[in-house]
Structure formats: C-alpha cells, structure tokens
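So the structure is just underneath, and the comments pick up after that.
The values are calculated or read from the model by the stated rules, or taken from the named source; none is laboratory data. It should be emphasised that the depicted structure is a prediction, and the values quoted were computed from it without experimental measurement. Please note: Cβ atoms are built from the backbone with ideal geometry, for glycine as well, and neighbour counts cover all protein chains shown. These accessible areas exclude ligands, DNA and RNA; they are computed on the full protein's heavy atoms, side chains included. Shrake-Rupley method; radii C 1.70, N 1.55, O 1.52, S 1.80 Å.
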Amino acid sequence: MTVTKEAELLPAPKTEDLAAVLLETVQPKRPSALSASLTFGWRAVLKIKHVPEQLFDVTAFPIMMILMFTYLFGGALAGSPGEYIQYLLPGITVTSVVMITMYTGVAVNTDIEKGVFDRFRTLPIWRPAPMVGYILGDLLRYVLASFTIMVVGLILGFRPDGGFVGVVLGVGLLVVFSFAFSWVWTMFGLLLRSEKSVMGTSMLVLFPLTFLSNVYVDPATMPGWLQSFVNVNPISKLVAAVRSLMAGGFDGDAMLWTLGYSVMFTVVFGYWTMRLYNRK
C-alpha cells in the first residue's frame, strides 16, 4: 500500500484529542427522571405483550369474582342478584384491582433473582426510576381490570346513578390509591427472598383488608369490635369513596381518608423501598 506525500505530512492525532472527540460525540445526555420512569414503565408493558397470559389476572379473575359473589350471595343478602350488584360492583372493582397490586412486588423480586436488577443500579439514571417504572406499567393492569368489571357489571344490570363521569372519577380514584398501595409490595419485593414469599405475604395482608371491609355487606350488621376495624380500614374508605362517586354523590370524609392513606403509603413505603434498593 502506498502513502501519499500529503498523508505523510499530516501530524498524527493525539490520544487526548481523540478521547475528547469521542466524549463529545458519543456520550448521551442523561435522561430526565420522567423519561427514565416512563421507559421502565414501557418495559413493564412490553412484558405483558410478550407474555399475554399475565392478563388472566385482570380479565378472568375479576369476571369470576363478580359472577361468584353476585349469584352466590345476591339473593340471600339483597333479595335478588340485580339488587345486590348495585351495592357490590364498586366494592368488587376495588377488591380485584387492589389484589392485582401485589404483582408489582412479584415483578421486582423476579428481576432480582434473574440479575437484571444489578444492571439497573449501574445505569446513569434517576435512582427511583426502575421502582416507579414497575408501578407505572401496572397502571395498565388496573385500568383493564376496572374496564372488564364495568362491562360485565353493565351486562348483569349494574346502573350507576353517577353515569359515565361518576364511573371514570371512581376508577381514577382507585388507580391513584393502587399506585400508592403498590409501594408496599415493592418494599416486600426487595425485602423477601423469593417470589413465593412475596405472594404469600401479600395474601396475608390483602385477605383481611378486602374481606373485613364494607365490600360485601353493610358494616352496620357486624359486631361492634369488628366495626372498629372496618371503619378505619383503608379499603373500606376507598370503597365508600368510589361507591359514592359512581352513585353520583361525594363522600368527603371517605375521600379525605383515601387520599390521606395514599400519601402515607407513598411516603412511608416509598422511603423504605428506596432505602432497601440502595442497600441491595
């Protein structure tokens, strides 16, 4: 190979100059907190796309719940399934969506076991972005579950006095609460050693909260000692607020309690989630 005289006369580039050029042209801009969180949220959505069986919990499970409780207890508790569903459906919507929140912790724990989590920690991004992304991705589950239950409920005879606006406001409040409540499970996903442990612990928490509430019956029919718990149960407050919105009303007390619980779950469990995440 021959080298031209012009090429021989050109000075050899310095290593420092080459490094500077590479840094200027290759180094990407650090993503914002919102951009990073949305990216991880999209990753969670893509998981559903590639494993559509995950949608079983947001479609088949809510349908089974509403059919089972409406036709098993409707006649005994309200005289007919048609009457009972007017009371039950807002509560069963809350129960189904709140049950789904535990899968946020399961997803966190699964990524830890696969080693993906270690990669997240090395990325030059906003530290809470992976955690926020898990929950943002699960918002789609919550909306799909709520939509599924509403469609089935309308077929079975549910007629909300609040109309379309009342239903949308009720579902919106439920999604806000579920976002906050999911931080409980991200903490357990980081704290516990296996996916089965996360699911087992979540069931121990969720079953008392959802069944010892005003979802299925009026708390006035319960013993006094049980009413004391039911009346401060965050699920009871959420159900009362959602039920009033769908009925075209507004329960200010239940709304304040629900928003207060949402802030508390986000602040307290979000803080502990990040502490565990930084130590992991």
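Between Asn231 and Leu123, the modelled labels are 4.8 nm apart [label points 7 Å from Cα along Cα→Cβ].
Among the lysines of the chain, pairs at least eight places apart or on separate chains and with Cα atoms under 21 Å apart come to 7.
If you average 1/r across every pair of different Cα atoms in region 58-208 and take the reciprocal, what Kirkwood value do you get, in Å? Write down the numbers at each step before the final one.
On the way: mean 1/r = 0.0598 Å⁻¹.
For region 58-208, the Kirkwood estimate is 16.7 Å.
For the chain, give the percent of accessible area contributed by carbon and sulfur heavy atoms, probe 1.4 Å, rounded to a whole number. Please list the in-between numbers first.
Values: 10430 of 14950 Å².
In the chain, the share of accessible area belonging to carbon and sulfur is 70 percent.
Direction-averaged shadow area of the convex hull around the Cα atoms of the chain, nm²?
Values: hull surface 87.3 nm².
If I average the Cα hull's projected area over directions, I get 21.8 nm².
With +1 assigned to the C-beta of every Lys and Arg and -1 to the C-beta of every Asp and Glu, and no other charges, what is the dipole magnitude of region 125-200 about the Cα centre in debye, to the nearest 20?
On the way: 5 positive and 3 negative charges, 40 e Å.
Charge dipole, region 125-200, about its Cα centre: 200 debye, nearest 20.
Rank Trp183, Leu256, Met64 by how far each Cα sits towards the positive end of the charge dipole of the chain (+1 on Lys, Arg Cβ; -1 on Asp, Glu Cβ) and give me just the farthest. So the residue furthest toward the plus end is Trp183. Here the spin labels are modelled as points 7 Å beyond Cα on the Cα-Cβ line, and at Met203 and Arg275 they lie 2.9 nm apart.
The residues of the chain present an accessible area of 53 Å² per residue when probed at 1.4 Å with all protein chains retained. Applying 0.36 nm per residue to the separation of Lys29 and Val267 and subtracting their alpha-carbon distance, the gain on full extension is 82.7 nm. Counting only alpha carbon atoms, the long axis of helix 33-50 and the longest principal axis of the chain meet at about 70°.
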